[in-house]
Amino acid sequence: MSNNRVSRRQFLNYTLTGVGGFMAAGMLMPMVRFAIDPVLQKAGGGDFIPTDKKVADITEVPERVDFAFEQVDAWYTSEVTSTAWVYKEGDKIIALSPVCKHLGCTVNWAGSPDHPDQFFCPCHAGRYEKSGKNIPKTPPLGPLDEFEVREKDGLLEIGKIRPNTLV
């Protein structure tokens, strides 16, 4: 036996400190895991979504192309349908978002008989050029967003949305 005897007060101090440490660790570990978990997950962003549109059929006139993808929200999975305005400029394929930068309405190509070669937003008469650039003195505050695009097996694939690089 050791000559360094532990007093009753020291024993209780050590015991309560140890138990308190275990309890604190038990509460903090889930919080730390919750904070770090998103960093450890693989990101699914950047995936390209296949469409039914053949690249050979794309012309210089913007055409509406619908595409669908699966969205996971916590434990609920749903299929989301979206749209892009697609056209060719030279050898380059352009895909623009149909969402107006003013209030989020849907723009249409040649949607106004007065402006047949522009995108038109019916909500507040907003207009965009073919490149997606907003027409001055109309409601939109910025150009239409652009989708990344690529060709695979002769079909168009649409990727992430990004700010317009054409204007």
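The values are calculated or read from the model by the stated rules, or taken from the named source; none is laboratory data. On a predicted model such as this, the values are computed, not experimentally measured, just so you know. Quick reminder, even Gly has a Cβ in these numbers, built from the backbone with ideal geometry, and neighbours come from all protein chains shown. Each accessible area value is taken on the protein alone, full model and side chains, heavy atoms only, with ligands, DNA and RNA left out. Shrake-Rupley method; radii C 1.70, N 1.55, O 1.52, S 1.80 Å.
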**Complete:** Filtering segment 141-167 down to residues that are of a type outside the set (D, E, K, R) and surrounded by fewer than 13 Cβ atoms within 10 Å (Cβ to Cβ) yields LEU141, GLY154, PRO163, THR165
**Request:** Among the residues of segment 103-124, count how many are in a loop (DSSP other than H, G, I, E, B) and either surrounded by 13 or more Cβ atoms within 10 Å (Cβ to Cβ) or of a type in the set (S, T, N, Q) (or both).
**Result:** 7
**Asked** Do we find a residue being of a type in the set (S, T, N, Q) and at pLDDT 90 or above anywhere in segment 17-36?
**Response** yes
**Request:** Under 7 Å between Cβ atoms, at least 6 apart or on separate chains: pull out the pairs that start in segment 115-139 with a residue that is closer than 19 Å to TYR87 by Cα and end on any residue that is assigned to a strand (DSSP E or B) and among the charged types (D, E, K, R).
**Result:** HIS115/ARG127; GLN118/ARG127; PHE119/ARG127; PHE120/ARG127; GLY132/GLU146
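Inside segment 78-122, can you point out the residues that are of a type in the set (Val, Ile, Thr) and out of contact with any strand residue (DSSP E or B) (no Cβ under 6 Å at 6 or more places or on another chain)? Full working, then the answer.
Taking segment 78-122 and keeping what is of a type in the set (Val, Ile, Thr), we get 80-81, 83, 86, 93-94, 99, 106-107.
Within segment 78-122, VAL99, THR106 meet the criteria.
Answer yes if at least one residue in segment 29-42 is closer than 26 Å to VAL99 by Cα, outside any helix (DSSP H, G or I) and open to solvent by 80 Å² or more (accessible area, probe 1.4 Å), and no otherwise.
Restricting attention to segment 29-42, the residues satisfying the condition of being closer than 26 Å to VAL99 by Cα are none.
The answer is no, given that none of the residues of segment 29-42 is closer than 26 Å to VAL99 by Cα, outside any helix (DSSP H, G or I) and open to solvent by 80 Å² or more (accessible area, probe 1.4 Å).
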**Prompt:** Just wondering, is there one or more residues in segment 75-96 that are part of a strand (DSSP E or B), among the acidic types (Asp, Glu) and surrounded by 10 or more Cβ atoms within 10 Å (Cβ to Cβ)?
**Reply:** yes
**Prompt:** If you go through segment 61-73 one residue at a time, do you hit one that is surrounded by 10 or more Cβ atoms within 10 Å (Cβ to Cβ) and not in a strand (DSSP E or B)?
**Reply:** yes
**Prompt:** Quick check, is VAL19 of a type in the set (Val, Ile, Thr), surrounded by 10 or more Cβ atoms within 10 Å (Cβ to Cβ) and free of Cβ contacts under 8 Å to residues at least 12 places away in the same chain?
**Reply:** yes
**Asked** Inside segment 81-110, can you point out the residues that are small (Gly, Ala, Ser) and under 16 Å from VAL65 (Cα atoms)?
**Response** SER82, ALA84, ALA95, SER97, ALA110
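Kindly evaluate VAL86 against the criterion of being in contact (Cβ under 8 Å) with a residue 24 or more places away in the chain and out of contact with any Cys (no Cβ under 7 Å at 6 or more places or on another chain). Walk me through how you get there before you give the answer.
Working: in contact (Cβ under 8 Å) with a residue 24 or more places away in the chain: yes; out of contact with any Cys (no Cβ under 7 Å at 6 or more places or on another chain): yes.
When the stated conditions are applied, VAL86 passes them.
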